[in-house]
Ligand SMILES: *Cc1c(COP(=O)(O)O)cnc(C)c1O
């Protein structure tokens, strides 16, 4: 059983493009210039030497294609990275966002010549309002975390506009996403942590005790990072509203609620979406993210500047004229130009248009079904500390009695079975946490195969713990020495020999 996977990882040093370089090889032939020649900048601004690798196009393509084949990807296999919603991203979105009219627009083009793009942004704002039950939406924020920052700025501006200056505390449950307290910290506000109760809900007594007139509001990740829908969400919101606070919804995991619950209807005042999770914008390689923010009626005036609006109504013959509008008490601009238009907004637009209302509801139902199916298959083997019907994900403990195999070892071993590991060591309130989010795009065969691998690894932890603890064995690189990596940090990029950045 174990032998096939036992090959030790080769000690390989990958060549860089500089190693592959050979003087005189050419990758591109420049055409003759068709613009007037300009004078070069003065010599003291010019480098005398700039060592660049010399390679042919085929060499470069092969080099990077080979490197890319060492990566794991959502197009290559199951990727249950909890909280990240690594669902399959339909390829039609790629076609749509590469349509020349979208691809080649310049953000400073006159609005009369970019009406299609503005119509798309306007419609996306409208759809997100309808999906989550809000009165207004900004598409500017570049990611979920920037959406949080935007929302908190709006909450602060709201209190200030009412001369309510005492409010400095943000209430955040211990089952919240880590970006929540980080965003609050960036604002110079104080985080007050609210514990979870034994069912994974906000502890109502602790919340009640913390509610006073210094509270800016509360940030609630719902479903939370345990994958639990807060059973008392309406009570939680009424306690926060009762002391004059505002309710921030972390909507990054809206995948679980689409078409079922609208956070705005439940009483959330402001919330961010993660287009790169819920709405199938590819992510994981560093971008582009997109974190639009929805706001209830009483926060509309504080939204970032500008929003896309109709500046001249149309009629039967002429379409409306779209343009930019400035909310009355805006917190200002949050992002250069208009957010991540092509990479984020166009893809999400195509995805929502393709799904329609019924498709969106299916997404939530299958996401929740898949997570509960996996949880049921694993609960006899792995301890599930908050064991009730989960939403789009659940958290198991990656440890076994009488064994020193840990969550990290299980995750590394999963790579030998060709699965991406789940999220590790988060949330902090579960020891050796393995946070598993299958998403709705996986079929039963894949879920069964993953559950089989997890159960097999639990057996190995008893019968062959060393194999688990030294995994992965089949990947291009073996396990990193994390202690050495932390002690001997190399933060600088690699530089060719003799090249000095100064
Ligand atoms: C991913 C996530 C965030 C942060 O989103 P980014 O786009 O990575 O900044 C915030 N909250 C929750 C619950 C998330 O899952």
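The values are calculated or read from the model by the stated rules, or taken from the named source; none is laboratory data. Computed from a predicted model, the values in this text were never measured in an experiment. Reconstructed Cβ throughout: ideal geometry from the backbone, glycine too, with neighbour counts over all protein chains shown.
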Item to check | Qualifying positions in the stretch 258-275 - in contact with a strand residue (DSSP E or B) (Cβ under 8 Å, 6 or more places away or on another chain) and within 16 Å of the ligand (Cβ to nearest atom) | outcome: 263, 268, 270, 271, 272, 273, 274
Checklist entry - Tally time: how many residues in the stretch 289-306 are within 12 Å of residue 274 (Cβ to Cβ) and out of contact with any strand residue (DSSP E or B) (no Cβ under 6 Å at 6 or more places or on another chain)? => result 2
Checklist outcome for this item: Residues of the stretch 97-111 being within 23 Å of residue 352 (Cα to Cα), in contact with a helix residue (DSSP H, G or I) (Cβ under 7 Å, 6 or more places away or on another chain) and assigned to a helix (DSSP H, G or I), in sequence order, are 97, 101, 102, 103
Checklist outcome for this item: The residue that is farthest from the ligand (Cβ to nearest atom), considering only those in the stretch 225-248 that are touching a strand residue (DSSP E or B) at 6+ places or on another chain (Cβ under 8 Å) and without any contact (Cβ under 8 Å) to a residue 60 or more places away in the chain, is 243
Next on the checklist: Out of the residues in the stretch 66-94 meeting the condition of being in contact (Cβ under 8 Å) with a residue 60 or more places away in the chain and in a helix (DSSP H, G or I), tell me which one is nearest to the ligand (Cβ to nearest atom).
Outcome noted: 93
Next on the checklist: Being in contact with a helix residue (DSSP H, G or I) (Cβ under 8 Å, 6 or more places away or on another chain) and either surrounded by 18 or more Cβ atoms within 10 Å (Cβ to Cβ) or not in a helix (DSSP H, G or I) (or both) narrows it down to one residue among 399, 388; which is it?
Outcome noted: 399
Checklist entry - Could you list, in sequence order, the residues of the stretch 27-54 that are surrounded by 10 or more Cβ atoms within 10 Å (Cβ to Cβ) and either in contact with a helix residue (DSSP H, G or I) (Cβ under 6 Å, 6 or more places away or on another chain) or not in a loop (DSSP other than H, G, I, E, B) (or both)? => result 27, 53
Checklist entry - With respect to residue 220, is the statement that it is within 11 Å of the ligand (Cβ to nearest atom), part of a strand (DSSP E or B) and in contact (Cβ under 8 Å) with a residue 40 or more places away in the chain true? => result yes
Checklist entry - What's the number of the condition residue 281 fails, among (1) more than 13 Å from the ligand (Cβ to nearest atom); (2) more than 27 Å from residue 166 (Cα to Cα)? => result (1)
Next on the checklist: Please determine whether any residue of the stretch 198-208 is in contact with a helix residue (DSSP H, G or I) (Cβ under 7 Å, 6 or more places away or on another chain), within 17 Å of residue 242 (Cα to Cα) and either part of a loop (DSSP other than H, G, I, E, B) or within 16 Å of the ligand (Cβ to nearest atom) (or both).
Outcome noted: yes
Checklist outcome for this item: Apart from one, (1) within 16 Å of the ligand (Cβ to nearest atom); (2) within 18 Å of residue 134 (Cα to Cα) all hold for residue 288; the odd one out is (2)
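Modelled with pLDDT under 95 and within 30 Å of residue 260 (Cα to Cα): is that true of residue 314 in this structure?
Working: modelled with pLDDT under 95: yes; within 30 Å of residue 260 (Cα to Cα): no.
So residue 314 does not fit the description; no.
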Next on the checklist: If a residue counts only when it is under 21 Å from residue 115 (Cβ atoms), which strands (runs of 3 or more DSSP E) contained entirely in the stretch 265-316 have at least 1 such residues?
Outcome noted: 307-312
